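Only the coordinates and a few stated rules stand behind these numbers; no lab work does. These figures come from a predicted structure and were not determined experimentally. Glycine gets a Cβ as well: all are built from the backbone with ideal geometry, and neighbour counts include every protein chain shown.
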Ligand code: SF4
């Protein structure tokens with residue numbers, strides 16, 4: 001039997017025959033809970049299983065990233081509930097200083113090619129960037145995963161997306177991602193795995209893959225993979241986690257639900273307008289939109305490469321008077337890199353607000369919400385009404401957010 | 001102990017043109033105005049309470065009844081109440097061509113029987129399944145019979161995994177069973 005990438009991973013984690021539509025039991029390599037959902041997992045576990053141990057405490061983690069350090073009493077309580085439980089069960093906590101959980105799993109080598117990981121984070125499928133089957137689930141499912149090291153899953157169909165044409169260097173992974181979202185919307189990849197092919201996908205760096213795979217959630221997909229890799233990517237993964245990336249390819253004659261070609265030649269910067277991530281337009285269509293604030297970070301665009309790209313636009317320039325640009329590195333590791341590489345200084349001198357690593361403004365607050373009537377441009381992945389306060393949110397690349405904050409209106413770096 | 005064969009009276013959720021209603025979301029199933037209710041037995045009164053044309057469902061439903069709905073039943077939010085409200089009414093089974101992913105997980109995990117049956121829309125359109133008919137369904141084999149018309153058809157049976165969880169009485173109970181078995 002031939003298999004797509006997702007089918008191969010699942011087949012390696014189950015005794016049953018794997019084919020799309022089949023519901024199987026899958027063994028898990030890693031399970032996590034964060035400061036959202038984590039306390040519910042602890043409460044469920046204690047109610048159902050009392051003092052019994054978790055299945056493999058060395059492969060179980062808590063990752064705090066939403067409210068770090070806690071900015072409300074509720075989060076402070078919740079994090080403490082998790083810490084105390086972790087202490088009793090011998091579970092490691094990546095605490096409030098570490099950064100976004102999914103990124104920490106990649107950096108620490110917990111999420112590796114071919115592995116299975118579940119957690120209480122709806123963007124855990126970001127782990128597809130390193131070939132790991134990550135999946136966000138509810139607290140009942142994660143409690144069960146803590147107890148048994150297993151989960152059930154319906155094997156999804158796979159869609160093959162082939163990117164045709166060449167893209168200019170000035171076009172970022174976020175532009176490519178938003179452009180793909182513009183084509184697939186929430187229908188074509190819904191409840192399916194996606195494999196991205198073609199040179200523009202193959203050439204993506206680790207950060208670029210993270211950007212693309214993170215927004216498969218917004219495409220309503222299960223997970224995305226970029227099976228073809230480049231040497232730079234392999235080096236990056238090894239440098240970061242010490243782990244050698246194992247290639248993960250689909251069988252040649254694997255069968256797909258659909259094959260979709262997208263021509264990306266001539267792509268220009270893309271922006272998603274409120275209130276849907278799929279409401280994507282060319283940046284040139286939105287140049288009359290003035291903005292009050294910007295945000296650079298999140299699991300989609302919070303890596304060193306993203307902040308370097310923003311700094312390359314901001315260096316020697318100033319954020320426009322009256323505009324507030326908030327920057328949040330994804331992890332402590334990213335923070336140390338921007339410090340060592342001088343990126344932090346360039347950002348600071350351009351007048352941005354820079355915070356400690358985490359989900360930051362992407363989640364509810366911490367580094368600021370938008371008020372009623374406020375217009376923000378963000379590198380995040382969601383712009384649903386109310387997601388980051390009462391304001392309007394546009395989604396774009398770090399370069400576009402930086403340029404927009406310099407000019408006070410939606411702009412691309414070319415406009416400077 | 002759980003049964004593998006049910007006989008129940010049908011509720012076919014179709015629109016005026018005779019087609020199954022698609023994309024019924026969790027707000028139509030269980031409106032967010034009642035999310036504060038935590039006692040499962042109190043949730044039944046609000047089942048389908050926000051679905052146009054079916055607002056009196058809960059007062060007419062009887063224990064053992066079976067619901068047939070259109071594709072993507074339970075789309076939207078992750079609220080468990082949208083499953084529990086049917087359990088409260090002792091609805092025995094919900095059949096749809098497909099379910100919202102989270103809804104399906106919630107139902108399976110809580111041991112509430114749901115069947116995915118891709119061909120069911122056709123049977124409804126051909127008039128082979130109507131509200132009020134009594135049907136008999138075997139969740140192990142997928143064999144079903146309309147007792148009102150003596151018509152039989154084949155549905156997709158429950159997967160092994162789903163049946164194991166169902167028979168244990170939910171996901172948490174299944175974990176205990178795994179340990180002891
Ligand atoms: S950065 Fe935002 S989308 Fe990503 S994990 Fe954190 S809260 Fe979720």
Quiz item: Using alpha-carbon pairs under 8 Å, 6+ residues apart, how would you state the relative contact order of region A:158-263 in percent?
Solution: 39
Quiz item: When a footprinting reagent is the concern and you count Cβ atoms within 10 Å, what order do B:151, B:65 take, fewest first?
Solution: B:151, B:65
Exercise. Give the Cα extents of region B:63-123 along the principal axes, in whole Å, largest first.
Key: 29, 26, 14
Quiz item: For chain B, what's the relative contact order in percent, using C-alpha pairs closer than 8 Å and at least 6 residues apart?
Solution: 24
Quiz item: In whole Å, what three semi-axes, largest first, describe the equivalent ellipsoid of region A:23-154 built from its Cα gyration tensor (square root of 5 times each eigenvalue)?
Solution: 21, 18, 12
Self-check item: Length-normalised contact order for region A:270-415 - Cα pairs under 8 Å, 6+ apart - percent
Solution: 35
Practice problem: Given the options A:358, A:373, A:294, state which has the largest fluctuation in a GNM of chain A using a 10 Å cut-off (strictly under) for Cα springs. | Solution: A:373
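Need one word for region B:1-106: rounded, prolate or oblate. Basis is the Cα gyration tensor (sqrt eigenvalues a ≥ b ≥ c); a/c below 1.5 gives rounded, then a/b vs b/c decides. Numbers along the way, then the final one.
Values: a/c = 1.25, a/b = 1.03, b/c = 1.21.
Cα axes put region B:1-106 in the rounded bin.
Grab the beta carbon distance between residue B:178 and residue A:318, set R0 = 51 Å, and tell me the FRET efficiency rounded to 0.05.
Values: r = 61 Å, r/R0 = 1.19.
With a Förster radius of 51 Å, E is 0.25.
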Practice problem: Mind telling me which of B:119, B:142, B:127 comes out most flexible in a GNM of chain B, alpha-carbon contacts under 10 Å? | Solution: B:127
Quiz item: Among the DSSP beta bridges whose two residues both lie in chain B, what percent are antiparallel, rounded to the nearest 5?
Solution: 55
Exercise. Can you give me the three principal axis dimensions of chain B from its C-alpha atoms, in Å, biggest first?
Key: 48, 39, 26
Quiz item: Most fluctuating residue of A:267, A:240, A:204 in a GNM of chain A with Cα springs under 10 Å: which is it?
Solution: A:240
Exercise. Compute the semi-axes of the equivalent ellipsoid of chain A, taking the square root of 5 times each eigenvalue of the Cα gyration tensor, and list them largest first in whole Å.
Key: 33, 27, 18
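So for region A:158-263, what percent of the C-alpha to C-alpha distances run longer than 18 Å? Please list the in-between numbers first.
On the way: 2577 of 5565 pairs.
Roughly 46 percent, rounded to a whole number.
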Quiz prompt | Percent of beta bridges antiparallel (DSSP, region A:270-415, rounded to nearest 5) | solution = 30
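I need the calculated FRET efficiency for the pair residue A:415 and residue A:340, taking r as the beta carbon distance and R₀ as 25 Å, to the nearest 0.05. Please list the in-between numbers first.
Details: r = 31 Å, r/R0 = 1.24.
E between residue A:415 and residue A:340, to the nearest 0.05, is 0.20.
Just to be sure I understand: of the beta bridges DSSP finds with both ends in region A:23-154, what percent are antiparallel, rounded to 5?
Percent antiparallel among DSSP bridges in region A:23-154 is about 25.
To make sure I understand, if each residue's beta carbon is the centre and we count other beta carbons within 10 Å, what order do A:215, B:155, B:43, A:324 fall in, fewest to most?
Details: A:215 30, B:155 21, B:43 24, A:324 18.
With the sparsest Cβ surroundings first, the list reads A:324, B:155, B:43, A:215.
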